[in-house]
Amino acid sequence: MEGEVTSAVPTTEQPAAQGAGYQGVVPRKRIGTQADVQRFQASPTYKLLQTWLHALNKATLRKSNTAPAVLCPAVEGALALLEQVDKLVDETPPETGEMRFGNKAFRTWHAKLAAAAEELHKLVLPEEKAGATQELVAYLLDSFGNAVRIDYGTGHELHFIIWMYCLHALGLVQQEHLAALVTRVFARYLTLVRKVQQTYGQEPAGSRGVWCLDDHQFVPFIWGAAQLIDNPDIQPGSIMDKELVARHADEYLYLGCIHYIHMVKKGPFFEHSPDLYNISGAASWEKINKGMFMKYNQDVLSKLPVLQHMLFGSLFPYA
């Protein structure tokens, strides 16, 4: 299939090989100009990110969220961590009154998450990898949106994907666990960020070109299309069938996205989601999968407004 890799994530790009003595650093921003974007796109780290995205895509081919998957302690720990983050939302209701840009209670919730983040990572990181905690904390905190602007977009989603990569780089997630990272961990992350978006009214963030696809997410459309390749019952045009979409929303990431759009947007689908409407006319999910990768590279991984917020540490280095 075009748009996928045929090999595992290269071991030559895994700083985790440093072993139990590894000490994490606090990731920081390194991209400030379009020239920096071009340098990043020519770097080994950009190639590593592409390889990671494609490896997870390959691991997810033709697999639903409910299909059997090989778990590991890090995957189980990540799921436990997300459950605790979800509870923080329940403990932090939105404030009342008129607010122009999002609900200010999000800042309170985010502060609670920041205070608990190091302890939460004990659910994921074994003691010998605890030195990586502050590096992973930075990616996790930015995975749920910006506390100042009360917004969320594809850059925040990308940081969660990098957070998952860090687990792999630390040697905690192996090739056989990649499907579970998508169908279990990333799927659970999506339900959580949607809950955060609805609870606190987060504004969309990032490149406006992405908004025609979805206000907040992008990657679940890529991996979601991979899940549906060769599906005998669900074709690209099936997204126009609301009942079918609702019935399978928990099984497939793509349909979960469409179902969420149906929940939060009013009016004809072709008006509020013209890109997705046009894509539904594609001949196959394979073509959509390939096209989504191309669109992601153009609308996210080439855009300074997104990449200027990207964090680089030692597990995911700026090269």
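Give me the Kirkwood hydrodynamic radius of the range 216-319 in Å, from all C-alpha pairs, to one decimal place?
14.9
Would you compute the Debye intensity of the range 123-192 from its alpha-carbon atoms alone, equal scatterers and no solvent, and pass along log10 I(q)/I(0) at q = 0.15, 0.20, 0.22, 0.28 Å⁻¹ to two decimals?
Rounded to two decimals, the profile gives -0.52, -0.88, -1.02, -1.34.
In terms of modelled amide H atoms, which long-range or inter-chain residues lie less than 5 Å from the amide H of ALA205?
TYR152, GLY153, THR154
Distance in nm between label sites at SER43 and GLU271, each 7 Å beyond Cα in the beta-carbon direction?
About 4.4 nm separates the two model spin labels.
Could you give me the ³J(HN,Hα) list for the range 49-60, computed from phi with Karplus coefficients 6.51, -1.76, 1.60 and θ = phi - 60°, whole Hz, x at Gly and Pro?
Values, residue by residue: 4, 4, 4, 5, 4, 6, 5, 5, 4, 5, 5, 9 Hz.
Is the range 102-249 best put as rounded, prolate or oblate by its Cα gyration tensor, with a ≥ b ≥ c the root eigenvalues, rounded for a/c under 1.5, and otherwise prolate when a/b is larger than b/c, oblate when not?
Cα axes put the range 102-249 in the oblate bin.
Could you list which residues have their amide H under 5 Å from that of LYS104, counting only those 5 or more apart in sequence or on another chain, with H placed in the peptide plane?
GLU95
Using only C-alpha positions, report the orientation-averaged shadow area of the convex hull of the chain, nm², one decimal.
15.7
Do any GluC sites (Glu not before Pro) in the range 78-177 lie in a DSSP loop with no more than 13 other beta carbon atoms within 10 Å, and if so, which?
Hits after loop and neighbour filter: GLU91, GLU95, GLU98.
If you add up the charges near ILE150, with Lys and Arg at +1 and Asp and Glu at -1, over every other residue whose beta carbon is less than 12 angstrom from its beta carbon, what do you get?
Counting the neighbours of ILE150, the net charge comes to +1.
Which of the trypsin sites (Lys or Arg not before Pro) found in the range 232-315 are in a DSSP loop and have at most 16 neighbouring Cβ atoms, other than their own, within 10 Å?
Here the trypsin sites (Lys or Arg not before Pro) that fit, given the DSSP loop and packing criteria, are LYS265, LYS266.
Can you list the trypsin sites (Lys or Arg not before Pro) in the range 156-207 that are in a DSSP coil and have 14 or fewer other beta carbons within 10 angstrom?
none
Could you give each residue of the range 126-134 its phi-based ³J(HN,Hα) in whole Hz, using Karplus coefficients 6.51, -1.76, 1.60 with θ = phi - 60°, and x for Gly or Pro?
Karplus-based 3J(HN,Hα) across the range 126-134 equals x, 4, 6, 10, 4, x, 8, 4, 5 Hz.
Excluding residues on the same chain fewer than 8 positions from LYS112, give the lysines whose Cα lies under 26 Å from its Cα.
Straight-distance partners of LYS112: LYS29, LYS87, LYS104, LYS122, LYS129, LYS195.
Send over a whole-number figure in Å² for the accessible area per residue of the chain, probe 1.4 Å.
Solvent-accessible surface per residue comes out at 42 Å².
Hey, any idea what % of the range 31-312's accessible area is carbon plus sulfur with a 1.4 Å probe?
Heavy-atom surface of the range 31-312 belonging to carbon and sulfur, 1.4 Å probe: 53 percent.
The values are calculated or read from the model by the stated rules, or taken from the named source; none is laboratory data. Being a predicted model, the structure only gives us computed values, none of them experimental. Because the Cβ atoms are built from the backbone with ideal geometry, glycine has one as well, and the counts that use them run over all protein chains shown. Ligands, DNA and RNA are stripped out before the accessible areas are found, and what is left, the full protein with its side chains, is counted by its heavy atoms. Shrake-Rupley method; radii C 1.70, N 1.55, O 1.52, S 1.80 Å.
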